[in-house]
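One structure is given here, and the rest of the page talks about it.
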Amino acid sequence: MDVYEAVRSRRAVRGFTDQPVSREVLERVLSAAAWSPSGSNLQPWNTYVVTGAPLAELKRLAVARVAAGDPWDEREYEMYPPGLKSPYRERRSAFGRERYASLGIAREDWEARQRAAIANWDCFGAPAALFCYIDRDLGPAQWADTGMYLQTVMLLLRAEGLHSCPQMAWSQVRKTVAQVLSPPDGLILFCGMSIGYEDPTVGYTRTGRAPLDETVKFIDGSSSRSSEETGY
């Protein structure tokens with residue numbers, strides 16, 4: 001699989017088979033991902049890979065907690081600014097509409113939305129999960145490095161025929177995750193990531209992307225001509 005195909009085929013999969021993912025494959029992916037860029041080679045990511053009985057226990061604890069309606073743990077970082085402005089506000093709203101429409105769930109059906117959301121904490125059935133932490137004393141540049149690392153992991157998983165789903169939802173039950181992983185106090189849980197083989201029977205609607213000219217500007221001198229010169 002070439003890089004373009006890996007990028008195009010990577011998406012947040014929300015339905016996995018129970019086919020095991022070998023440790024050999026996971027080690028190969030994470031060994032290669034270690035070459036992700038990071039400023040001054042800090043390598044700020046702290047990764048925990050969970051499978052087997054420990055993952056089953058974590059799923060059980062998290063699902064039980066959410067089903068019981070326990071309060072969320074307060075995130076240790078801000079996921080969205082409180083006053084999310086345009087066009088980001090509209091993109092987020094469009095994602096929510098598309099996501100629940102693909103599941104046949106009406107906007108006002110809160111119980112159905114909760115049932116769909118709880119699948120996060122079962123890792124959508126995936127047999128492997130990754131939890132990525134960052135040192136709380138590091139700054140925005142290191143968070144960006146961690147994002148590049150996670151993207152590299154997801155692309156390498158595609159090269160292995162695997163899929164993934166990055167989930168910041170796990171930060172809302174970070175204390176439950178800590179019960180199983182026992183991370184040092186100095187680390188912040190950024191996200192979890194479900195990993196496995198896609199279940200082709202689970203339908204999905206892929207979310208779109210903004211057109212290139214909405215997010216990219218080419219500064220090469222050729223676009224400075226007036227509409228009279230170009231005839232447009």
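The values are calculated or read from the model by the stated rules, or taken from the named source; none is laboratory data. Small disclaimer: the values here were computed from a predicted structure and weren't measured. Positions of Cβ are generated from backbone atoms using ideal geometry, with glycine treated the same way; all protein chains shown enter the neighbour counts. In case anyone asks, the SASA skips ligands and DNA or RNA and just uses the protein heavy atoms, side chains included. Shrake-Rupley method; radii C 1.70, N 1.55, O 1.52, S 1.80 Å.
Things to note:
- Computed E for ALA144/ALA32 - FRET, C-beta separation, R0 22 angstrom, nearest 0.05: 0.65
- From the Kirkwood radius over Cα pairs of segment 1-62, Stokes-Einstein at 4 °C and 1.567 mPa s returns a whole-number translational diffusion coefficient of 88 µm²/s.
- Subtracting the Cα-Cα distance of PHE218 and ASN41 from 0.36 nm times their residue separation leaves 60.7 nm of extension gain.
- Length-normalised contact order of the chain in % [C-alpha pairs under 8 Å, at least 6 apart]: 38 percent
- Under 22 Å from the Cα of LYS59 - lysines, other chains or at least 8 residues apart: LYS175
- Alpha-carbon centroids, segment 11-61 and segment 141-181: separation in whole Å: 7 Å
- Segment 7-108 - Rg and Dmax from Cα coordinates, angstrom: 18.5, 49
- Rh by Kirkwood over Cα pairs, then Stokes-Einstein D for segment 129-211 at 1.002 mPa s and 20 °C, µm²/s: 148 µm²/s
- In this simple spin-label approximation, ARG10 and ASP70 carry label points 7 Å from Cα along the Cα→Cβ vector, and these lie 3.3 nm apart.
- 4 °C / 1.567 mPa s Stokes-Einstein diffusion coefficient of the chain, Kirkwood radius on C-alpha pairs, µm²/s: 66 µm²/s
- With every protein chain in place, the chain: carbon and sulfur % of accessible area (1.4 Å): 53 percent
- When +1 charges are put on Lys and Arg Cβ atoms and -1 charges on Asp and Glu Cβ atoms, the dipole computed for the chain relative to its Cα centre reaches about 420 debye.
- Helix-only mean residue ellipticity at 222 nm for the chain, each DSSP H run of n ≥ 4 adding -39500 (n - 2.57), per residue, nearest 500: -12000 deg cm²/dmol
- Accessible surface calculations at 1.4 Å, restricted to protein heavy atoms, place the chain at 61 Å² per residue.
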